[in-house]
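Participant: Here you go, one structure.
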Amino acid sequence: MKHFWAKISLILLTFSLLSSCNAVKRVESDERLLMKNTIFADGEKVKEKRIYNQLYEEPNSRFIGIPLQLYFYNLAKPEADSVFQRWLYKKPQRKERLVDLLSEKQVVRLGNIYVNINEWIKETGEPPAIIDSSLTSKSADRLKAWYWNKGWFNAETSYEILPTRKKRGKVNYFVTPKEPYIVDSITTRIASIVADSIYQAHAADSRIVPGKQYNTEDFGAERERLTSLFRNNGLYHFEEEYLSFEADTINTDHKVNTAVIIQNRQATVDGINTRVPFKVHKISRVNIFPDYTFENRNEPITDTASHEGFHIYSFDKLKYRPQALTNAIFINPDNIYTDQQRSLTYNRLNQLRIFKYPNIQYMTDPADSTQTDLIANIFLTARPKYSLGFDFDISQSNIQKFGIGFGGSLLIRNVFRGAEILEVSARGSIGSSKDAANDSDKFFDITEVGADANLSLPRILFPVSTERFIPKYMYPFTNLSLGISTQTNIGLDKQSLTAIMNYRWLPSETRTNLLDLINVQYVRNLNTNNYFNVYRNSFEELNDIATSENVVANESYFTINENGTKNLIIPEGANSFLRDARLGDVDNLSSPQTQILNDIRERKNRLTEDNLIFASNFTYILNKKENIYDEDFSRLRIKLESAGNFLSIAAEAANIDKNAEGRYSIFGVNFSQYVKTEIDYIKHWDLGRKNVFAVRTFGGIAIPYGNSNSIPFIRSFFAGGPNDNRAWQPYSLGPGSSGGRNEFNEANLKIALSAEYRYNLFGDLNSAIFIDAGNIWNVLDVVEEEASTFTSFSDLKEMAIGTGIGLRYDFDFFVLRFDIGFKTYDPARPEGERWFKDYDIRHAVYNVGINYPF
């Protein structure tokens, strides 16, 4: 309790010191620092943020009521160069001594550095928000305009500047909206018969609705709708400038009578500028130039092809199958012109990663006397067929003291003349082991080698056509990948083989569907005898039981070191002791000790057995983020995976006998069978001025059945780490209240919740306050330990809670993140002792990551 009040006192002292900083240090005597804006509408205080955004002046940004950026700005000297010169000549011979020590040039440079530092502080900080009556007046006018645009045409605004304390003040704005205007009749004056018929056919979709209060934004939305409508219905020459609105409010009793006006387009006919009616244009011909460059633009065509009405022209021998090109083109001959077809074509061509700078041009077909037919010319510049890539990294982990990784990749475009991309990569690493059991004299005693091949096809590869369900406007892709790797002196050592057949398509701009039709992974452990050297916590538990006074075991299982300490021999003694305990050949074991041994044995069997996973999964992603700068969006990801069903059916059909464990084996390996689902939801709220509130919720469960009684380690869930609960290290949290006693704790049920308030400190340096909650549990599998299993909703009290603060520096192309997490509620502790017990720097967890955690 004494430490708790000491911390509280320190926090209060810190806030007192910050609050005592002189915020008006750079405010002149005849100026006032803006402390607060308040808007009143008909005497009622306005709370809507969007209305306050209309004001030209805002108070300085604050964090927990403290203007940190203003304080930082005030650290800078107003006239840094003069300050440096005064300091330089303040004491006799100071400059001469510095010149003798450095040089004349270095003293000048020292002054420049001082000036630059002060300039950086000014640019990074935030200058004081001084009340400016001219800006205040403009803000009142802008408020009036805002209310006018919302239908209050007769709104009146005023303001008052109120002094508060020394050099400080606030501004009150007063708005009298009066009676709003309502949209009444909507008429049209459309000169073109064609444009009028298109408008009338879609009039029900108008954004201007009679009976609704006037809103300028509705008219802007209607302008965008009509422009898109006309340009996607053949009116190639239509532009926004031909569309206008006329609003009549004279003697209408607060009604707005609206007229939609569309003029004929401007054109030059026989050298005379005139206006001509809009026409519906159609595409008469589509020409594709797949090897166009600026250098060969005047060269003769040497190869041609046609496919389904498309015409392909090549300056060299045609390197693409015609269908591969036409599948990416949405501009079809004999169809009317639409902007949408052009946009779809641009997007698809860019997705292929085969071409750069796609260029689509339209021209009037000279063979058409009506001048309504258009020829579409599509110019494509091919990327290099081959691309090489190399990477190199240095790493350190809980397995190796030092590691060097290296790799390379070869990318081949258009490998089968169908716009496919084949990428072949190889990777390798060497490192120095932390394994105490490794008696090798070599410094680099860890090796890992792997190779991958990935083939991407711009279509759905399936025995029957999927065009009806996944049309080409959904941008379908098929990915075939194969990977192999082998590790030595890393954990148990292993070899792995992975094969995936994946489909991807986009039903809309916000939705992505991913289907792994086949996802096969085979993992073979090569050095299972090293288990108790790797998983030392399990060994310590086992050894404590084996060497306890009440337990009688075979003495040949032990070794005695020079200190007289008795330990099980790894691996023979440890494995034999576990086997004897299972067979009942160890005397005097208590029930708790028997349960612990059962848990150790089950975990050892699960982590040392080879894995064969034959799965399929489907992932649905709904992402409302419009671009990388959008900070007000939501993202939902749902994944469903099933494994082992195909192999189970095949094993039954082939009458394969089950082994002694009652399980089917393929090539001597018990294949996994389970169903798994994950739901991940992220939501961001943009609070303005670089302030963002973000939340994340995650839930996942994997249930074994049939041929499995547990989930493979590589498909299990873990908790903790820089992208999870940041008050715990990766794999160190859970399961349940068991205390994370294993080196790698995992389970088959997970719940994770996180919330962050992100704010700008100054410049590109941001910060965040966060709270993370969650845990993992075992459910419906072989684990029986009560502390690790989820049996009822009352186990939700084992949700661990971590809080903390972080710094993030934005480099534009990525964000470097540093977070400090504190264990706020630790379910591993006894009930009643879980809150704030290790809430200090000594027990803090430091996380370094790239980009935001969610």
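Derivation of every value follows stated rules applied to the coordinates shown; laboratory data play no part. It should be emphasised that the depicted structure is a prediction, and the values quoted were computed from it without experimental measurement. Glycine also receives a Cβ, built like all others from the backbone with ideal geometry; neighbour counts cover every protein chain displayed.
Participant: Which residues does a label at residue 339 reach in the range 256-275, if reach means a backbone N under 14 Å from a point 7 Å past the Cα toward the Cβ?
Facilitator: Answer for the range 256-275: none.
Participant: For the residue pair residue 244 and residue 259, what label-to-label distance in nm results when each label sits 7 Å from Cα along the Cα-to-beta-carbon direction?
Facilitator: In this crude spin-label approximation the distance works out to 1.1 nm.
Participant: Might you report the magnitude of the Cβ-based charge dipole of the chain about its Cα centre, with Lys and Arg at +1 and Asp and Glu at -1, to the nearest 20 debye? Intermediate values should be presented prior to the final figure.
Facilitator: On the way: 99 positive and 105 negative charges, 472 e Å.
Its charge dipole is roughly 2260 debye.
Participant: Figure the gain on full extension for residue 64 and residue 608 (residue separation times 0.36 nm, minus the Cα-Cα span) and round it to one decimal in nm.
Facilitator: Values: separation 544, 0.36 × 544 = 195.84 nm, distance 5.19 nm.
Value of the extension gain: 190.7 nm.
Participant: Among 720, 814, 845, which residue has its Cα positioned farthest towards the positive end of the charge dipole of the range 703-854, with +1 placed on the Cβ of Lys and Arg, -1 on the Cβ of Asp and Glu, and the dipole taken about the Cα centre?
Facilitator: Checking the options against the dipole of the range 703-854, the answer is 814.
Participant: For the range 570-656, what does the alpha-carbon gyration tensor say about shape, rounded, prolate or oblate, given a ≥ b ≥ c as the root eigenvalues, a/c under 1.5 as rounded, and a/b over b/c as prolate?
Facilitator: Details: a/c = 3.97, a/b = 1.88, b/c = 2.11.
Oblate shape, in that a/c is at least 1.5 and b/c is the bigger or equal ratio.
Participant: If I fit a long axis through the Cα atoms of helix 339-352 and take the longest principal axis of the Cα atoms of the chain, what angle between them do I get, 0 to 90°, rounded to 10?
Facilitator: Relative to the chain, helix 339-352 is tipped by roughly 30 degrees.
Participant: Related question: Using a simple spin-label model with points 7 Å from Cα along the Cα→Cβ vector, what separation in nm is obtained for residue 638 and residue 110?
Facilitator: Going from the residue 638 label point to the residue 110 one covers 6.9 nm.
Participant: Using the structure shown, list the pairs from 683/750; 47/255; 49/178 with a Cα-Cα distance above 23 Å, or answer none. All intermediate terms of the calculation are to be shown ahead of the outcome.
Facilitator: Details: 683/750 20 Å; 47/255 28 Å; 49/178 21 Å.
Over 23 Å Cα-Cα: 47/255.
Participant: How many angstrom lie between the Cα centre of the range 192-208 and the Cα centre of the range 110-133?
Facilitator: Taking the Cα centre of each part, the range 192-208 and the range 110-133 sit 56 Å apart.
Participant: Can you list, largest first and rounded to whole Å, the semi-axes you get for the chain by taking the square root of 5 times each eigenvalue of its Cα gyration tensor? Display every interim value, and only then the final one.
Facilitator: Details: eigenvalues 677, 421, 183 Å².
In descending order the semi-axes read 58, 46, 30 Å.
Participant: Report, in whole Å, the centroid distance computed from the Cα atoms of the range 607-635 and the range 717-766.
Facilitator: The range 607-635 and the range 717-766 have Cα centres separated by 18 Å.
Participant: Rounded to the nearest 10 degrees, what's the angle between the helix 536-546 long axis and the longest principal axis of the chain, both from Cα atoms, 0 to 90?
Facilitator: Approximately 30 degrees, to the nearest 10.
Participant: Taking neighbour Cβ counts within 10 Å as the exposure measure, how do 146, 728 sort from fewest upward? Each step should come with its number before you reach the end.
Facilitator: Numbers: 146 18, 728 25.
Going from least to most buried by this count: 146, 728.
Participant: Pull up all non-local amide H partners of residue 673: gap of 5 or more, or a different chain, and H-to-H distance under 5 Å with H placed in the peptide plane.
Facilitator: Residues meeting the amide H criterion: 705, 707, 708.
Participant: Out of the DSSP beta bridges found with both residues in the range 126-272, what percent are antiparallel (nearest 5)?
Facilitator: 70
Participant: Let me ask something additional. Which residues does a label at residue 466 reach in the range 598-625, if reach means a backbone N under 17 Å from a point 7 Å past the Cα toward the Cβ?
Facilitator: So the set is 615-621.
Participant: At a Förster radius of 22 Å, what calculated FRET efficiency corresponds to the Cβ-Cβ distance of residue 537 and residue 588, to the nearest 0.05?
Facilitator: Numbers: r = 24 Å, r/R0 = 1.09.
It comes out at approximately 0.40.
Participant: Another question, if that's okay. Estimate the FRET efficiency between residue 29 and residue 753 by the formula 1/(1 + (r/R0)^6), using the beta-carbon distance for r and 41 Å for R0, to the nearest 0.05.
Facilitator: Numbers: r = 52 Å, r/R0 = 1.26.
Once the sixth-power term is evaluated, E becomes 0.20.
Participant: Taking the alpha-carbon centroid of each part, what is the distance from the range 246-294 to the range 474-514 in angstrom?
Facilitator: One Cα centre to the other: 49 Å.
Participant: Follow-up. Taking every alpha carbon pair in the range 282-382, what does the distance histogram look like in 5 angstrom bins from 0, in percent?
Facilitator: 2, 13, 25, 25, 20, 12, 3, 0
Participant: Work out the length of the dipole vector of the range 665-768 about its Cα centre, built from +1 on the beta-carbon of each Lys and Arg and -1 on the beta-carbon of each Asp and Glu, and round it to the nearest 20 debye. Working shown, then result.
Facilitator: Values: 10 positive and 8 negative charges, 33 e Å.
Value, rounded to 20: 160 debye.
Participant: Now, a different point. Grab the beta carbon distance between residue 38 and residue 154, set R0 = 22 Å, and tell me the FRET efficiency rounded to 0.05.
Facilitator: So, using R0 = 22 Å, E works out to roughly 0.45.
Participant: Continuing with the same structure: Only four residue types carry charge here, +1 at the Cβ of Lys and Arg and -1 at the Cβ of Asp and Glu. Report the dipole size of the range 552-620 about the Cα centre in Debye, rounded to the nearest 20. Please list the in-between numbers first.
Facilitator: On the way: 7 positive and 10 negative charges, 47 e Å.
Computed charge dipole of the range 552-620: roughly 220 debye.
Participant: While we're looking at this one, here's another question. Return the distance in nm (one decimal) between the two label points of a simple spin-label model at residue 510 and residue 142, each offset 7 Å from Cα along Cα→Cβ.
Facilitator: 3.0
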